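The values are calculated or read from the model by the stated rules, or taken from the named source; none is laboratory data. Only a predicted model underlies this, so the values are computations on that prediction, with no experimental measurement involved. Here the Cβ is made from the backbone with ideal geometry for all residues, glycine too, and neighbour counts use every protein chain on show. Surface accessibility is based on the protein's heavy atoms, side chains included, excluding ligands, DNA and RNA. Shrake-Rupley method; radii C 1.70, N 1.55, O 1.52, S 1.80 Å.
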Amino acid sequence: MRAPGFGFPPKPYMAPYMNLAQTRSLLQLCRMFTILSGSIDSSIRCWDCRSRRPEAIQIMDEAKDGISSIKVSDHEILAGSVDGNLRRYDLRAGVMCADYVGSPITCVSFSQDSQCLLASSLDSCLRLLDKDTGELLGEYSGHQNTSYKLDSCLSEKDTHVVSCSEDGSVCFWDLVEGSLALKLPVSKGVIQSLSYHPTEPCLLTASEGEVQLWRGRIIVKLQNSPSP
């Protein structure tokens, strides 16, 4: 369900720095001069690294609960919140669009072509939405995510949805079919973080003090396999 755009004061650029101890959560570095902080105080704050002023140059506080995830494109900020809303701020147009998914969001991502949005939540479900309309394009389940903030993303060619799981595996779904294509056993503990290479079939995972790089036949075979 999409809440139509709400206006917010446009800024010429977004930026970084400041009292991160009090507004702690996650940081996103934008280009060379901007830092965004998503916080447990329900706000997104922007600081300019070139300025010596400690105050944020912009604060976006539409969320009703903590900010759990932030992603940034050339002119958009994508944020997920524990209030169950996926919010996208278009800096060029000066508008915000919100899509309610019904469960606390743990991670958000843009697709590689920037046409879709991916959100994972604490109901063990990932949802793919059309960026412009908010239409639900797909749902992906089969992993476990009820307690932890787990990462998710799309593969380098947008062919698969990828997510961590609390059962120690990383799951791959066919983007179009929605079927579980691979459940990769990685650890005995929770896999909390992953990152996919933007142009190659290469995956980085992290769990229990261990970082693993997956780049081999298993990933290449998955990427090259035809959809069922």
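Summary table
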read-out: Identity of the residue in region 166-178, in a loop (DSSP other than H, G, I, E, B) and farther than 14 Å from Leu150 by Cβ, that ends up farthest from the chain's Cα centre (by Cα); value: Glu177
read-out: Number of positions in region 83-115 that are under 29 Å from Ser165 (Cα atoms) and either of a type in the set (Lys, Arg) or without any contact (Cβ under 8 Å) to a residue 12 or more places away in the chain (or both); value: 2
read-out: Residues satisfying the stated conditions in region 124-144, i.e. more than 19 Å from Leu204 (Cβ to Cβ) and either of a type in the set (D, E, K, R) or not in a strand (DSSP E or B) (or both); value: Ser124, Arg127, Asp130, Lys131, Asp132, Thr133, Gly134, Glu135, Glu139, Ser141, Gly142, Gln144
read-out: Hits in region 83-107 (condition: of a type in the set (A, V, I, L, M) and either out of contact with any Leu (no Cβ under 9 Å at 6 or more places or on another chain) or surrounded by fewer than 23 Cβ atoms within 10 Å (Cβ to Cβ) (or both)); value: Leu91, Ala93, Val95, Met96, Ala98, Val101
read-out: Region 46-94: number of residues that are more than 25 Å from Asp113 (Cβ to Cβ) and either among the aromatic types (Phe, Trp, Tyr) or in contact with a helix residue (DSSP H, G or I) (Cβ under 9 Å, 6 or more places away or on another chain) (or both); value: 1
read-out: Some residue of region 152-165 being farther than 24 Å from Val72 by Cα, modelled with pLDDT under 95 and either within 17 Å of the chain's Cα centre (by Cα) or surrounded by fewer than 17 Cβ atoms within 10 Å (Cβ to Cβ) (or both); value: no
read-out: Pairs with Cβ under 8 Å, 6+ apart, first in region 179-197 and within 20 Å of Arg127 (Cβ to Cβ) and outside any strand (DSSP E or B), second among the polar types (S, T, N, Q) and open to solvent by 30 Å² or more (accessible area, probe 1.4 Å); value: none
read-out: Qualifying residue in region 117-130 (condition: in contact with a Cys (Cβ under 7 Å, 6 or more places away or on another chain), modelled with pLDDT of 95 or more, over 22 Å from Ser165 (Cα atoms) and open to solvent by less than 50 Å² (accessible area, probe 1.4 Å)); value: yes
read-out: Qualifying residue in region 9-31 (condition: at pLDDT 50 or above, touching an Asp or Glu at 6+ places or on another chain (Cβ under 8 Å), of a type outside the set (Lys, Arg) and under 26 Å from Lys149 (Cα atoms)); value: no
read-out: Residues (under 11 Å from the mean Cα position of the chain (by Cα), assigned to a strand (DSSP E or B) and hydroxyl-bearing (Ser, Thr, Tyr)) located in region 89-123; value: Thr106, Ser109, Ser120, Ser121
read-out: Residue selected from region 136-151 under the condition in contact with a strand residue (DSSP E or B) (Cβ under 7 Å, 6 or more places away or on another chain) and among the hydroxyl-bearing types (Ser, Thr, Tyr), by the criterion least open to solvent (accessible area, probe 1.4 Å); value: Tyr140
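Conditions (1) without any contact (Cβ under 8 Å) to a residue 40 or more places away in the chain; (2) surrounded by 15 or more Cβ atoms within 10 Å (Cβ to Cβ); (3) under 18 Å from Met96 (Cα atoms), marked per residue:
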site: Ser37; (1), (2), (3): yes, yes, yes
site: Cys46; (1), (2), (3): yes, yes, yes
site: Arg53; (1), (2), (3): yes, no, no
site: Asp61; (1), (2), (3): yes, no, yes
site: Lys64; (1), (2), (3): yes, no, yes
site: Ile67; (1), (2), (3): no, yes, yes
site: Lys71; (1), (2), (3): no, yes, yes
site: Ile77; (1), (2), (3): no, yes, yes
site: Ser81; (1), (2), (3): yes, yes, yes
